Amino acid sequence: MKHIFILNPVAGNGYAEKNLLPQIVSYLKTTDLDYEIHRSLNKEEIGTYVKQRASSGDAVRFYAIGGDGTLCDVVNGAIGFANAEVAVVPCGTGNDFVRNFSGKENFLDISKQLTGKVVPIDVIKCGDNYSINMLNIGADCEVVVRAGQIKSKSGSWSYIRGALEILPKGPRYRMAFTDENGAEREEDILLCAIANGHFCGGGFKSSPKASLTDGNLDILVARPVKGLKLIKLLAKYHAGTHLDDPSAADVITHIKAKSFKLRAIDKVSVSIDGEVWPFTEAEISVVPGAINFVIPEGSEML
């Protein structure tokens, strides 16, 4: 098997290239692995490169050295190739995807990555893009935008700072979506999270009932709320207790479905694993078991 390490040189404000990559290379030189290092030129190039290498048909494992966005780019290139495996060496701002597993430190240990187990996991399809973790629309997406503007100063706290800046403004977005009965509803929303994994925003457990392997989307729609109720809801949203709280039942709609139609009436963007794109409308669906993901030795899916 070919092992290809794909480096995002700006991940972790350069930490990946300056500190992490030399450690990885030093270890690899002690092995007899067939490996290579690919330093990405830009995020657009990653998916194209992965697809090209996977299309050879040879067994190949891609290691995304970067954050959730880099992992997403690798997934978009590897999708559809049964011969390809995907691993992640997390060194981004949020690193939300690896929060779905125990022993997050094992993802930084290449020896444990090499002896890890490969598990087919679901992905989300939105138009021509695929997400391994989560789509966020509305206030959540605005928080991602703001976090990106301040992350060099705040690091992983940038998402919390962004939330504290965005949410008190009382944002609302007019959207139409399919509800739990399959009927279209149109209303003002605060945010919509369409999840495969549990976490977004650097540790917000927004989708505590999501699963990487159940063949379903986990959809949360939250309505606008202000003041003390907003503060309480934000705390529960971070802790992952909001879906079991009766006081939040009038604010939150939770749906499990194979597909979900969403249409923007107001101008909005969508965050796909932390990368922001314009959004108008889409039928979003789950693709069961689409990616062969490497769980390092010592870690388990939560």
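The values are calculated or read from the model by the stated rules, or taken from the named source; none is laboratory data. Just so we're clear, the structure is a prediction, and the values are computed from it rather than from any experiment. When we count neighbours, we look across all protein chains shown, and the Cβ atoms used for this are built from the backbone with ideal geometry, even at glycine.
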Problem set entry | Residues of segment 191-237 satisfying the condition of being hydroxyl-bearing (Ser, Thr, Tyr) and touching a Ser or Thr at 6+ places or on another chain (Cβ under 8 Å) | Tyr237
Problem set entry | Asn19 being closer than 22 Å to His198 by Cα and either outside the structural domain of Val276 (by TED's automatic domain parsing) or surrounded by 14 or more Cβ atoms within 10 Å (Cβ to Cβ) (or both) | no
Exercise. Only one residue in Thr93, Thr30, Thr48 is crowded, with 18+ Cβ neighbours inside 10 Å, among the hydroxyl-bearing types (Ser, Thr, Tyr) and either in the same structural domain as Ser206 (by TED's automatic domain parsing) or not in a strand (DSSP E or B) (or both), so which one is that?
Worked result: Thr93
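Matching residues to (1) of a type in the set (Ser, Thr, Tyr); (2) within 17 Å of the chain's Cα centre (by Cα); (3) buried (at least 24 other Cβ atoms within 10 Å of the Cβ):
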residue: Gly80; (1), (2), (3): no, no, no
residue: Asn83; (1), (2), (3): no, no, no
residue: Ala87; (1), (2), (3): no, yes, yes
residue: Arg99; (1), (2), (3): no, yes, no
residue: Asn129; (1), (2), (3): no, yes, no
residue: Gly148; (1), (2), (3): no, yes, no
Seminar exercise, completed: Picked from segment 188-201 (must be part of a strand (DSSP E or B) and hydrophobic (A, V, I, L, M, F, W, C)), the residue farthest from the chain's Cα centre (by Cα) is Ile189
Exercise. Which ones in segment 83-130 are under 22 Å from Ile4 (Cα atoms) and in contact with a Lys or Arg (Cβ under 8 Å, 6 or more places away or on another chain)?
Worked result: Ala84, Glu85, Val86, Ala87, Pro90, Asn95, Val98, Asn106
Exercise. Could you list, in sequence order, the residues of segment 237-288 that are in contact with a helix residue (DSSP H, G or I) (Cβ under 7 Å, 6 or more places away or on another chain) and either farther than 25 Å from Tyr130 by Cβ or of a type in the set (S, T, N, Q) (or both)?
Worked result: His242, Asp245, Ala248, Val251, Ile252, Ser269, Ser271
Problem set entry | Pairs with Cβ under 9 Å, 6+ apart, first in segment 168-186 and over 21 Å from Thr280 (Cβ atoms) and assigned by TED's automatic domain parsing to the domain that holds Leu230, second outside any helix (DSSP H, G or I) and not aliphatic (A, V, I, L, M) | Pro168/Lys226; Gly170/Pro224; Gly170/Lys226; Glu180/Thr253; Glu180/His254; Glu180/Lys256
Exercise. Quick one: which of Asn100, Asn106 is among the polar types (S, T, N, Q) and touching a His at 6+ places or on another chain (Cβ under 8 Å)?
Worked result: Asn100
